[in-house]
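The structure appears right after this line, and notes come after that.
The values are calculated or read from the model by the stated rules, or taken from the named source; none is laboratory data. Worth saying up front: this structure is predicted, and the values here are computed from it rather than measured. Note: ideal-geometry Cβ built from the backbone for every residue, glycine included; neighbour counts use all protein chains shown.
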């Protein structure tokens, strides 16, 4: 699931229509925000008003792109796909500076592997900022796509996660099983 952020900002394309899709997953509902064919947001476990802005995949008009994107998420959650290979863009989220570097380093973590908060801080150019790494990951606008669940503590345990430690543990275990580790 190592992804590269697309260089073009999808907001600059007049044909980029927003689409908010709700998908089922083993860790609960997943809301995916697309701008055109680019992922600009992922919400794990949307509830209440937030959930209301997403439309279930089955109730949306079908398109080859949407079928492919949803299929890739489904395959990932089944352990059959290691990389989503879908374009994404962090720009609409407003993430900048060190947090953006943290997310870019996190996106490089291979399927089935983990890094510590300290390792990500070092890779992002600020070895003493490992506590800030956690803060940056907890506001990751596109979890799963930028696999912040792969960043763990130095000690035992999986550490914090946007959707809670149970979801993080499930994702790590699924990837470990699927990678044959």
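Under the condition of being touching a residue at least 60 places away in the same chain (Cβ under 8 Å) and in a loop (DSSP other than H, G, I, E, B), which residue from the range 130-152 is nearest to residue 106 (Cα to Cα)? So, considering only residues that are touching a residue at least 60 places away in the same chain (Cβ under 8 Å) and in a loop (DSSP other than H, G, I, E, B), the one nearest to residue 106 (Cα to Cα) is 147. Here is a check on your reading of the model: is residue 105 at negative phi, assigned by TED's automatic domain parsing to the domain that holds residue 157 and either in a helix (DSSP H, G or I) or under 17 Å from the mean Cα position of the chain (by Cα) (or both)? The answer is yes for residue 105.
So, in the range 28-61, how many residues would count as being touching a helix residue (DSSP H, G or I) at 6+ places or on another chain (Cβ under 7 Å), more than 18 Å from residue 138 (Cα to Cα) and surrounded by 18 or more Cβ atoms within 10 Å (Cβ to Cβ)? The total comes to 5.
Hey, among the residues in the range 93-105 that are at pLDDT below 90 and surrounded by fewer than 17 Cβ atoms within 10 Å (Cβ to Cβ), which one's farthest from residue 126 (Cα to Cα)?
Checked the range 93-105; the qualifying residue farthest from residue 126 (Cα to Cα) is 94.
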